Amino acid sequence: MLIVQKYGGTSVGNPDRIKNVAARVAKYRAKGDQVVVVVSAMSGVTDNLIKMAKEIMPLPNEREMDVLLATGEQTTIALTAIALHSLDIPAVSLTGAQAGIVTDGVHTKARIQNITPKKIHELLKQGNVVIVAGFQGQTAEGQVTTLGRGGSDLTAIALAAALKADLCQIYTDVDGVYTADPRIVPNAKKLDEISYDEMLELASLGAKVMQSRSVEFAKKFGVIFEVRSSLNDNPGTIVKEEAKNMEDIVVRGVSLDKNQAKVTLVAVPDKPGIAARIFKAIGEANVNVDMIVQNISHGSGKPATDLSFTVDKPDLLKAQKVIDSLKAEIGFGQAIATDKIGKLSIVGVGMKSHTGIAARMFETLASEGINIDMISTSEIKISVVVDLAKGEQAMKAVHAAFLG
Ligand code: ADP
Ligand code: ASP
Ligand code: MG
C-alpha cells in the first residue's frame, strides 16, 4: 500500500516525538508499505516566527513572511529524515518545491495549482521513505509560498490525491474529530465518521483539527482520510462522502471560532453600489469576509445604514487599512473594530430534515443570559456571534443541549 501520513506540530514537537514518528513509519514499512510523510513545523515555531516579524513591523511584506515561515517545516523534514536514518531506514526530505507542489502567487494563502510528484515516485521506487515539508509550495516563477495556517493538512491531502495513495492518515494530538474541541468541552465524544460537508463546516467555523481548505480539496478529489492520534494506536475518525444514515443525527458537532474580528461601519449611505464598492476593495486585499449584517438606522437626514462584517483576526489590520482608504469616497460615520467576539456554530447534515433547531439553540443561549450579536445560517449549520468572554460557556451549554 502507498500511505500518506501527516504529523502536526505537537506530534513533531521535540526530538523524542520525532523519534516516535520514525518508529511508527518503521512499523508500516516493515509491513511492506510505501510511506510518504508530511510534517508541520514543531509546535509554536510558526507562531514564534510571526511574532518576531511583527515585532519589527506590524504588517510585514507577505513574500518575506512566506520565506520566513517556510523555514519551520524545513527544520522538521530534515530532523524526521535523520530520525529514520537512525533506525537504518533510507529516507529523503523534500521541500514543497522539490516535491513538485506548484501554487499561485497569493503569498501566505497560496492555492495549489498542480503537483508533479515525479521526484517522490522516483525516491519511493528506490526504497526511500519520502518526507515532504507541509504548508509550503512554490510559484511557477520560483517564489516560495505558504498555504495558509494549518496548511500541512492540505499538503497531505493534495499529495494523497496526486499520488493516488491507498490511505491518508492525519496524525494529531487528539484521538480524532470530536463533537466539540475536547480541550474546551471535556465530555465531547469522538466521532467514528463524519461527512466532508460537516467536517468542512466545522473546520471553517473554528474546529482547527483540520484546515478547512484541505477538507474542501479532499471532497473535490474524493480523498477519504482518517484523523487519529500520534500518541496511541486508537482508531480515529474517518472523513468521507455523506452516507444515508448520517442524517439521523441532527447536530454532529459544535465549534467556536475565537479567531474572528468584527468591523462596524456606522451611518453608511444607503444607496446602490456602496456595499459592492466596500467588499470589492476588501476582496482585492485578499481579506476573507464571513458574516455580513446590515441594519437601516432610523436617524434623521439621509437614509443611512450600519454595516457589520467579520474577518479573520489576523486580517483585521489589513481590513481597517482598506476601510480607512474608502472613508473619504464613501462618507460613512465611523468604523468600529473589535476582536472580542466568538463565533459559535452547530453543524449537522441532519438539520436539512429537522426543524426547530435554531429556536433550541437560541433558547439555550438565552437561558445562560448570553446575548446574540449576529446570526447566519445555511442548510447544515447555524452560527451566532457572541461576546468572546462568554464563548466557552455558550459552547458548553449548546453542546449539552444537543449532544449531551
Ligand atoms: P496539528 O498540529 O496536529 O495540526 P492542531 O492543533 O492544528 O493539530 O489541531 C488539533 C487540535 O484541534 C486539538 O488539539 C483540539 O484542541 C483542536 N480541536 C478543535 N476542535 C476539535 C474537534 N471538534 N475535534 C478534535 N479536536 C479539535
Ligand atoms: N506550521 C503551519 C502552521 O502552524 C502549518 C501547519 O502546522 O499545518 O500553521
Ligand atoms: Mg493543524
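The values are calculated or read from the model by the stated rules, or taken from the named source; none is laboratory data. Because the structure is predicted, anything quoted here is derived from the model rather than measured. Glycine also receives a Cβ, built like all others from the backbone with ideal geometry; neighbour counts cover every protein chain displayed. For accessibility, only protein heavy atoms count, side chains too; no ligands or nucleic acids. Shrake-Rupley method; radii C 1.70, N 1.55, O 1.52, S 1.80 Å.
Results, tabulated for the structure shown:
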read-out: Share, in percent, of DSSP beta bridges within the chain that are antiparallel, nearest 5; value: 60 percent
read-out: From phi via Karplus (6.51, -1.76, 1.60), per-residue ³J(HN,Hα) for region 256-273 in Hz, x at Gly/Pro; value: 10, 9, 9, 9, 10, 10, 10, 10, 10, 9, 8, 6, 7, x, 8, 8, x, x
read-out: Degrees separating the helix 316-330 axis from the principal Cα axis of the chain, which is the longest one; value: 40 degrees
read-out: FRET efficiency, 1/(1 + (r/R0)^6) with R0 22 Å, evaluated for Ile375 and Ala276 via beta carbons; value: 0.45
read-out: Extension gain (nm, one decimal) between Glu141 and Leu317, 0.36 nm per residue minus Cα-Cα; value: 60.5 nm
read-out: Accessible surface, per residue, of region 53-145 when the full set of protein chains is kept, probe 1.4 Å, Å²; value: 48 Å²
read-out: Cα gyration tensor shape for region 278-360, rounded if a/c is under 1.5, else prolate or oblate; value: oblate
read-out: Shape of region 1-155, Cα gyration tensor, a/c cut at 1.5; value: oblate
read-out: Of all accessible heavy-atom area on the chain, the percent that carbon and sulfur account for (1.4 Å); value: 52 percent
read-out: Estimated dipole of the chain in Debye, rounded to 20 [Cβ of Lys and Arg +1, of Asp and Glu -1, Cα centre]; value: 340 debye
read-out: Aspartates and glutamates whose Cα lies under 16 Å from that of Lys271, excluding same-chain neighbours fewer than 8 positions away; value: Asp306, Glu329
read-out: Label-zone membership for region 265-305, site Ala358, 7 angstrom Cα→C-beta point, backbone N under 17 Å; value: 291-295
read-out: Globularity ratio of region 1-91, using Cα Rg and 2.2 N^0.38 Å; value: 1.27
read-out: Rounded tilt (10° steps) of 152-163 against the dominant C-alpha axis of the chain; value: 60 degrees
read-out: Amide hydrogen neighbours beyond the local backbone of Thr305, cut-off 5 Å, H modeled; value: Ala267, Val268, Asp270, Ser297
read-out: Euclidean distance of C-alpha centroids, region 244-312 and region 52-111, integer Å; value: 34 Å
read-out: For region 186-197, Karplus couplings with θ = phi - 60° (6.51, -1.76, 1.60), whole Hz, Gly/Pro x; value: x, 8, 4, 10, 6, 8, 6, 8, 8, 7, 3, 5
read-out: 0 to 90° range, to nearest 10: angle between helix 274-284 axis and the chain longest Cα axis; value: 20 degrees
read-out: Spin-label proximity, Asn286 to region 211-240 - amide N less than 20 Å from point 7 Å beyond Cα toward beta carbon; value: 211-217
read-out: Sequence-separation-based contact order of region 28-119, relative, with Cα cut under 8 Å and 6+ spacing, percent; value: 22 percent
read-out: Low-density loop positions, GluC sites (Glu not before Pro), region 73-143 - DSSP coil, at most 13 other Cβ in 10 Å; value: Glu141
read-out: Average accessible area per residue (Å²) across region 248-379 - probe 1.4 Å, nucleic acids and ligands excluded; value: 50 Å²
read-out: For region 114-237, size of Cβ-based charge dipole, Lys and Arg +1, Asp and Glu -1, in debye; value: 340 debye
read-out: Using θ = phi - 60° and Karplus 6.51 cos²θ - 1.76 cosθ + 1.60, couplings along region 61-72 (whole Hz; Gly, Pro as x); value: 4, 6, 4, 5, 4, 5, 4, 5, 5, 5, 5, x
read-out: Total formal charge among the other residues, if their Cβ is under 11 angstrom from that of Thr46, Lys/Arg +1 and Asp/Glu -1; value: 0
